[in-house]
Amino acid sequence: MTGQDWIEKDFYAVLGVPKDADAATIKKAYRKLARTKHPDHNPDDPAAEAEFKRIGEAYAVLSDAEQREQYDQLRAMTGGARFTAGGRGAGGFEDILGGMFGGGGAGGGGTRIRYSTGGAGFEDLLGGMFGGGGGGGFQPGPRPGADLAAVVDLPFRQAVEGSTVSLSVEGRTVNARLPAGVRDGQKIRLPGKGRPGQAGAPAGDLVVTVRVAPHPVFALDGANLRITVPVAFDEAALGATIEVPTLDGTTVRVKVPEGTPSGRTLRVRGRGVPNAKGPGDLLVTVQVVVPQRLTPAAREAVQAFGIATSSEDPRADLIAQART
């Protein structure tokens, strides 16, 4: 960042805070904006990336008490306008420095001081005034820490119930609480758990990608759990009450209505994923099982059923719809 940047850029406006904002307000505004404009949330968006850099640049100056004081003094002195070394006229750079170091005004009788860019430049001069190194203009403020990424593998049950995991991040151990119902592939952002910032600047975030091991019976669906339950033909046709397993190891009795087709889903309220808003539901999908082998008596019974229902065509609607 250069001295001219300090004059031209309104860092308070970039962060959306008043000029008398305290450090806590500045930090809160920075974190909110940085999250919104972070490249992770705006992939392939150059405008958002540029805005993210401007936000970090503004925070680097305003979060450092000494740099903020120098910035405020310079902005008050110049009014935030752009000045060119060697320029003339009221309000020019020469008038301002002349006033500071004893020179006369634009129309005064005092000795007028001129500043040349032939040697040290405008930024070098300001750098000397406010503690910057020679030739480099202002020194940048403390840099916020970078965001880091990590991957965690969770057993299905831990993903449903929530879990605290320990992650090794650049030689540090980070404990992270993952919420109940976290999904496979979901990214969890942990503010302040990334790489530490320089000289007290805020740390970056840790973005954790969760990989959930599949379960042989259950599947996650938001706050709900899904399970497919086989039922016999007679249970589906005549209706039945069946025992269905739940994730906590118990069973729940579910009524299968008479005439339930294969693929219908029945809902058991409150037996899904626990969360702050109340547990989700258990969604039971019925799968009618067709016997692979029939005894002679069973075959005769099925044939009798077929004869008794021969007047009904289960594909009649399908054929009619196909002709439309």
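The values are calculated or read from the model by the stated rules, or taken from the named source; none is laboratory data. This is a predicted model, so every value here is computed, not measured. Note that each Cβ is placed from the backbone with ideal geometry, even for glycine, and that neighbours are counted across all protein chains shown.
Answer yes or no: is there a residue in the stretch 262-269 that is surrounded by 12 or more Cβ atoms within 10 Å (Cβ to Cβ) and among the hydroxyl-bearing types (Ser, Thr, Tyr). Quick ask: steps written out before the conclusion?
Taking the stretch 262-269 and keeping what is surrounded by 12 or more Cβ atoms within 10 Å (Cβ to Cβ), we get 262, 264, 266-268.
Checking the rest, the ones that are also among the hydroxyl-bearing types (Ser, Thr, Tyr) come to 262.
Scanning the stretch 262-269, I find at least one residue that is surrounded by 12 or more Cβ atoms within 10 Å (Cβ to Cβ) and among the hydroxyl-bearing types (Ser, Thr, Tyr), so the answer is yes.
List pairs: first in the stretch 184-201 and of a type in the set (Asp, Glu), second surrounded by 15 or more Cβ atoms within 10 Å (Cβ to Cβ), Cβ under 6 Å, 6+ apart or cross-chain?
Filtered contacts from the stretch 184-201: Asp184/Val212.
Residues to consider are Phe233, Phe218; find the one that is closer than 30 Å to Arg189 by Cβ, in contact (Cβ under 8 Å) with a residue 12 or more places away in the chain and among the aromatic types (Phe, Trp, Tyr). Show your work before the answer.
Working: Phe233 fails: closer than 30 Å to Arg189 by Cβ.
Result: Phe218 is the single residue among Phe233, Phe218 that is closer than 30 Å to Arg189 by Cβ, in contact (Cβ under 8 Å) with a residue 12 or more places away in the chain and among the aromatic types (Phe, Trp, Tyr).
I'd like to know if the stretch 29-39 contains one or more residues that are within 28 Å of Met77 (Cα to Cα) and of a type in the set (Ser, Thr, Tyr).
Among the residues of the stretch 29-39, at least one is within 28 Å of Met77 (Cα to Cα) and of a type in the set (Ser, Thr, Tyr), which makes the answer yes.
Residues are listed down the side, and each one gets a yes or a no for (1) assigned by TED's automatic domain parsing to the domain that holds Val208; (2) within 27 Å of Ala149 (Cα to Cα); (3) touching a residue at least 60 places away in the same chain (Cβ under 8 Å); (4) outside any loop (DSSP other than H, G, I, E, B):
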| residue | (1), (2), (3), (4) |
| --- | --- |
| Ala21 | no, no, no, no |
| Lys27 | no, yes, yes, yes |
| Pro39 | no, yes, no, no |
| Asn42 | no, yes, no, no |
| Ala47 | no, yes, no, yes |
| Ala50 | no, yes, no, yes |
| Lys53 | no, yes, no, yes |
| Ala58 | no, yes, no, yes |
| Glu69 | no, no, no, yes |
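Asp22 fails exactly one of the following numbered conditions: (1) modelled with pLDDT of 85 or more; (2) among the charged types (D, E, K, R); (3) buried (at least 16 other Cβ atoms within 10 Å of the Cβ). What is the number of that condition?
Asp22 satisfies every listed condition except (3).
Looking at Val244, Val229, Val165, Val182, can you tell me which residue is outside the structural domain of Thr260 (by TED's automatic domain parsing) and closer than 29 Å to Thr265 by Cα? Before the answer, list the steps.
Working: Val244 fails: outside the structural domain of Thr260 (by TED's automatic domain parsing); Val229 fails: outside the structural domain of Thr260 (by TED's automatic domain parsing); Val165 fails: closer than 29 Å to Thr265 by Cα.
None of the others qualify; the one that does is Val182.
Could you pull out the residue among Pro291, Pro257 that is more than 27 Å from Leu178 (Cβ to Cβ) and touching a helix residue (DSSP H, G or I) at 6+ places or on another chain (Cβ under 8 Å)? Full working, then the answer.
Values: Pro257 fails: touching a helix residue (DSSP H, G or I) at 6+ places or on another chain (Cβ under 8 Å).
Among Pro291, Pro257, only Pro291 is more than 27 Å from Leu178 (Cβ to Cβ) and touching a helix residue (DSSP H, G or I) at 6+ places or on another chain (Cβ under 8 Å).
Given Gly56, Gly16, which one is touching a Pro at 6+ places or on another chain (Cβ under 7 Å) and modelled with pLDDT of 85 or more?
Values: Gly16 fails: touching a Pro at 6+ places or on another chain (Cβ under 7 Å).
Going through Gly56, Gly16 in turn, the sole match is Gly56.
Of everything in the stretch 253-309 that's assigned to a strand (DSSP E or B) and touching a residue at least 40 places away in the same chain (Cβ under 8 Å), which residue is farthest from the chain's Cα centre (by Cα)?
To start, the set of residues in the stretch 253-309 that are assigned to a strand (DSSP E or B) comprises 253-256, 265-268, 282-289.
Still in the list and also touching a residue at least 40 places away in the same chain (Cβ under 8 Å): 282-289.
Details: Leu282: 29, Leu283: 29, Val284: 33, Thr285: 33, Val286: 37, Gln287: 39, Val288: 42, Val289: 44 Å.
Filtering the stretch 253-309 for residues that are assigned to a strand (DSSP E or B) and touching a residue at least 40 places away in the same chain (Cβ under 8 Å), the one farthest from the chain's Cα centre (by Cα) comes out as Val289.
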